[in-house]
Amino acid sequence: MSITSVFNRGLDGMNVASRALGVTSNNIANINTKGYARQEIQIGSRATNSRVPGQGGGVEVLGVESITSPFIEMQLFGISNSYGTYDSRRQTVGQIESIWADSQTNGIGKSLNEFFGSFQELNNNPTLPGLRETVKEKANILTDQFNSMSRQFNQMRLDVSSEISTRLTTINSLASDIAQLNQAIVNGGGVAVNGDTIARRQDLLRQLSEEVNISYNQNSNGGVEVRVAGGASLVSGFNAGSLSFTDNQNYGGTASITLTLPGGTGSIDVTAGINGGRLYGNLYDRNTTLNNQISSIDTLAYQLATQFNAVHSTGYGIDSSTGNNFFAALASANGAAGSIAVDAQIKANTAKISIAEQDPTVSGKGDNRIGMQLAALQNSMTMSSSTQTFAQYFQGLVGSAGTMSASVQKQAATQASLLNQVQLQRESVSGVNMDEEGANIIRYQKAFQASSKMLQIADQLLDDLLRI
């Protein structure tokens, strides 16, 4: 081997060792970077046409590879999506459970018993003004409880809609960032020389999968195509689409999601295709869970008012009036809990509370036969196709809310545990190990020093040769 070749081989070694130290130092610098995948330098012998024994082509850097497991990455995507769904629902269903549980203890559940109990006492002395005032007071408390619960659920609907709006802002920002990284990777030479940028993009894709169900594929030029809601294009090349929503706050109204395609080439409704991630959790609670809660409490309020009025209107007040409604008439169950109230005539004059079956001026002041029918409604099978009492129906709603909350909380905890396990698996494959990187530093430092020594020796040989 010529002295020049010794020089070249020494220079090759120094260049490779220097590049390897750069990769190692980059790994160490990113040890706390979320989503970072450690990199390994790929080194190989340079091909040569020389047939001189021992005259090798030297060494060169073949590339830098990010160490990842496609299987683990796909697992991470799927579990992140499921975790996002249940995690986004935890707060909503927990709040629903709390509203129902509080209403059972201090709200509608307690007020229903006290309301019917006040009629039991009035039946014992139908003419006593104080007992009639108590009935009106208990009825006002009960209707206030219905009104309050209706307001709480409707406010929750508004709050979840606001959360959806914030969620869409996050999704659109992630999509835009991914499109920009596509451009940086493609224009920067592709996959082989953009390890850090690819790791950053991969982390953004995982974050996006936690927000909404997506799929993606990488093109030959290094860019990724991202699809959302079962196949609609969200990121195409250097362009990103955007999601927006329409919120119908009318009774039973729902929120819908529209996708404006990349490049503004059109828009489509993707609501039905969204079935995973935090956005789906929010949409499900907004469009289904909360609408169901509102409908359930409205049904109870409507049936209570309607059936109570049907009996009450057949009786007589102590002022000989008849045909009186006890509650203000409700046109339908829609919004009943929010509008239920004691009838204005009853509020103004409790003498119109109808306890007697006949005109008291004819039958006597002690007639309480209608009052007994009203009190009996408490234990009558008036709800759910005549299979439940008012109280049983209410208890069923409380129980259903508790069961729903427990199920979501359990699923969220399960998915969080699975996500943690997969993240640990990813860390074992792609994470930076300080001991390993420390050993690499020593190894590449020694290689650099040896190659440097080779240059010194070649330099001395050349000096000796020139002095001959």
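The values are calculated or read from the model by the stated rules, or taken from the named source; none is laboratory data. Source: prediction; values computed, not measured. Every residue, glycine among them, receives a Cβ derived from its backbone with ideal geometry; neighbour counts consider all protein chains shown.
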Practice task
Return a yes/no flag: does the range 93-100 have any residue that is of a type outside the set (Gly, Ala, Ser) and without any contact (Cβ under 8 Å) to a residue 24 or more places away in the chain.
Solution key: no
Exercise for the section: Look at Leu300 and say whether it is surrounded by 21 or more Cβ atoms within 10 Å (Cβ to Cβ) and in a helix (DSSP H, G or I). Expected result: yes
Fill in the blank from the handout: Reported set for the range 330-374 where residues are farther than 18 Å from Thr143 by Cβ and in a helix (DSSP H, G or I) is Ala351, Pro360, Thr361, Val362, Ser363, Arg369, Ile370, Gly371, Met372, Gln373
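Whether any residue in the range 359-369 is of a type in the set (Asp, Glu) and either out of contact with any Pro (no Cβ under 8 Å at 6 or more places or on another chain) or modelled with pLDDT of 95 or more (or both) is what I want to check.
The answer is yes; a qualifying residue exists.
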Handout entry: Matching option when the condition is hydrophobic (A, V, I, L, M, F, W, C) and more than 30 Å from Gly84 (Cα to Cα), among Val362, Val408, Val398
Key = Val362
Exercise for the section: Starting from residues that are of a type outside the set (D, E, K, R) and loosely packed, with under 13 Cβ neighbours inside 10 Å, keep the ones in the range 427-437 and report whichever is farthest from the chain's Cα centre (by Cα). Expected result: Met434
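In a helix (DSSP H, G or I), modelled with pLDDT of 90 or more and not β-branched (Val, Ile, Thr), is that true of Gln415?
Details: in a helix (DSSP H, G or I): yes; modelled with pLDDT of 90 or more: yes; not β-branched (Val, Ile, Thr): yes.
Yes, satisfied.
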Fill in the blank from the handout: Residues in the range 207-231 that are over 21 Å from Asp196 (Cβ atoms) and surrounded by fewer than 19 Cβ atoms within 10 Å (Cβ to Cβ) total 6
Completion exercise
Within the range 303-320, residues part of a helix (DSSP H, G or I) and of a type in the set (S, T, N, Q) come out as Gln303, Thr306, Gln307, Asn309
Completion exercise
Cβ pairs under 6 Å, 6+ apart or interchain, first in the range 250-276 and in contact (Cβ under 8 Å) with a residue 40 or more places away in the chain, second in a strand (DSSP E or B) and among the aromatic types (Phe, Trp, Tyr), ordered by first then second residue, are Ala255/Phe245; Ile257/Phe245
Fill in the blank from the handout: Residue set Thr92, Thr85, Thr68; condition under 30 Å from Asn275 (Cα atoms) and in contact with a Gly (Cβ under 7 Å, 6 or more places away or on another chain); output residue Thr85
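Against the definition (more than 30 Å from Ser313 (Cβ to Cβ), more than 38 Å from the chain's Cα centre (by Cα) and touching a residue at least 24 places away in the same chain (Cβ under 8 Å)), how does Asn440 come out, yes or no?
Taking the combined requirement at face value, the residue satisfies it.
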Practice task
State which residue is nearest to the chain's Cα centre (by Cα) when the search covers only the range 443-468 and only residues that are farther than 21 Å from Gly22 by Cα and of a type outside the set (A, V, I, L, M, F, W, C).
Solution key: Gln456
Fill in the blank from the handout: Flagged pairs (Cβ under 6 angstrom, 6 or more apart or on separate chains; first in the range 79-90, closer than 11 Å to Lys410 by Cα and among the small types (Gly, Ala, Ser); second surrounded by 23 or more Cβ atoms within 10 Å (Cβ to Cβ) and at pLDDT below 95) are none
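The rows are residues; the columns are (1) assigned by TED's automatic domain parsing to the domain that holds Gly35; (2) out of contact with any helix residue (DSSP H, G or I) (no Cβ under 9 Å at 6 or more places or on another chain); (3) modelled with pLDDT of 95 or more.
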{"position": "Gln218", "(1), (2), (3)": "no, no, no"}
{"position": "Gly223", "(1), (2), (3)": "no, no, no"}
{"position": "Val226", "(1), (2), (3)": "no, no, yes"}
{"position": "Gly266", "(1), (2), (3)": "no, yes, no"}
{"position": "Tyr280", "(1), (2), (3)": "no, no, yes"}
Handout entry: Search result, residues across the range 321-335 that are touching a strand residue (DSSP E or B) at 6+ places or on another chain (Cβ under 9 Å) and either of a type outside the set (Phe, Trp, Tyr) or outside the structural domain of Gln373 (by TED's automatic domain parsing) (or both)
Key = Thr322, Asn324, Ala328
Handout entry: So Asn106, is it modelled with pLDDT under 95, assigned by TED's automatic domain parsing to the domain that holds Ser236 and either among the polar types (S, T, N, Q) or surrounded by fewer than 21 Cβ atoms within 10 Å (Cβ to Cβ) (or both)
Key = no
